[in-house]
Amino acid sequence: MKKFFTILALMLFMASFNVNAQERDEFWLEYDNGEFLTDIGLLSGEPIYWGNMFTPSQLASFNGYQLTQVKIWDHTPYNGYLIIYQDNSTTGPLDMVYTQQYSVAGTNDWTEIKLDTPVVLDVTKNLWITFNNTDGQFTIPAADDCGDANSRWISEDGREWSDASTVGMPPFTWLIRGLISNDGVSVVELGAENAQIHPNPATSVLNVSANNILNVSIFDLTGREVGRHEAMGNEVAIDVAGYQSGLYLVRIETEAGIIVKKVAIQ
């Protein structure tokens, strides 16, 4: 990883991982102390990825909960993608389960992002809440270091990840929080039981079917949108012959809601 980061300010403070109760059935996962310190980004202004990881030991009490919302400190205007992973990797996120586009306007406050489709927690796996930017510069909002390396993951390409303190910058903690709930809207309630993709694996054409499809987007495992297809009806045939082999997420927007499914392309 290149070591071309710009740091706008620096202070030292020790915090800790917290699970803050808002109501009996909702909790915020967080590491930060809530105080914005600085923005970080590549000197080139190119896209960058950052995120926090929560371990099975931190999630053990939340079996049956869903991630329904995230929030991030909004200090610099830009557009990007929220990308959620669940896996057992300890070197960086691998198994993407959800992605959603978002934007911030530079309000110097928290911006809340409600997930179109809640993500059911697998408490046996790490939960990665990550972001990237598609434009803008100095996009990573940081607080003082809480002392936990899982609060400061960073990547230039969304594939190779590092502890930010090992790539030429003092340690920070990213201002990222996730709301988990045990009464969120389920995927079934959005009509996912009627959605199908076939064949899976796909080689040349991917057929998507669901009630009243509006559009279909395909994302690679870094959260990058690699295809978008508008539709009006119940069937969409997508040419995937030019796609690289690997796993992808298919995001199906219907009149009833959002459905996200995983597909392999060979």
Which numbered condition A143 misses (of (1) more than 14 Å from the chain's Cα centre (by Cα); (2) of a type outside the set (V, I, T); (3) surrounded by fewer than 17 Cβ atoms within 10 Å (Cβ to Cβ)): (3)
Unmet requirement for A241, which otherwise passes all of (1) of a type in the set (A, V, I, L, M, F, W, C); (2) assigned to a loop (DSSP other than H, G, I, E, B); (3) closer than 28 Å to G64 by Cβ: (3)
Answer residue from region 133-188, given it is basic (K, R) and modelled with pLDDT of 95 or more and is nearest to N63 (Cα to Cα) among those: R177
Any hit, region 8-31, residues being in a loop (DSSP other than H, G, I, E, B) and modelled with pLDDT of 90 or more: yes
Residue tally, condition of a type outside the set (V, I, T) and either without any contact (Cβ under 8 Å) to a residue 24 or more places away in the chain or in a strand (DSSP E or B) (or both), over region 62-79: 8
Members of region 128-152 that are touching a Phe, Trp or Tyr at 6+ places or on another chain (Cβ under 7 Å) and on the phi > 0 side of the Ramachandran plot: G136
Pairs, first in the same structural domain as I83 (by TED's automatic domain parsing) and assigned to a loop (DSSP other than H, G, I, E, B) in region 149-174, second small (G, A, S) and surrounded by fewer than 23 Cβ atoms within 10 Å (Cβ to Cβ), C-beta under 6 Å, six or more apart: P171/S165
Hits in region 96-109 (condition: touching a Leu at 6+ places or on another chain (Cβ under 8 Å) and not polar (S, T, N, Q)): M96, V97, Y98, Y102
Among (1) under 18 Å from D148 (Cβ atoms); (2) more than 15 Å from the chain's Cα centre (by Cα); (3) not basic (K, R), the one test that M53 misses: (2)
One residue from V226, V250 being of a type in the set (V, I, T), assigned to a strand (DSSP E or B), crowded, with 20+ Cβ neighbours inside 10 Å and under 23 Å from the mean Cα position of the chain (by Cα): V250
Residue within region 197-216 that is within 30 Å of Q58 (Cβ to Cβ), out of contact with any Asp or Glu (no Cβ under 6 Å at 6 or more places or on another chain) and modelled with pLDDT under 90 present: no
Answer residue from region 124-140, given it is crowded, with 19+ Cβ neighbours inside 10 Å and within 18 Å of F54 (Cβ to Cβ) and is farthest from the chain's Cα centre (by Cα) among those: N126
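Let's see how each residue does on (1) surrounded by 15 or more Cβ atoms within 10 Å (Cβ to Cβ); (2) hydroxyl-bearing (S, T, Y):
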| site | (1), (2) |
| --- | --- |
| F36 | yes, no |
| Q69 | yes, no |
| P77 | no, no |
| T90 | no, yes |
Condition check for W161: under 22 Å from W28 (Cβ atoms), of a type in the set (F, W, Y) and within 18 Å of the chain's Cα centre (by Cα): no
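The values are calculated or read from the model by the stated rules, or taken from the named source; none is laboratory data. Since the model is a prediction, treat every value here as computed from it, not as a measurement. Reconstructed Cβ throughout: ideal geometry from the backbone, glycine too, with neighbour counts over all protein chains shown.
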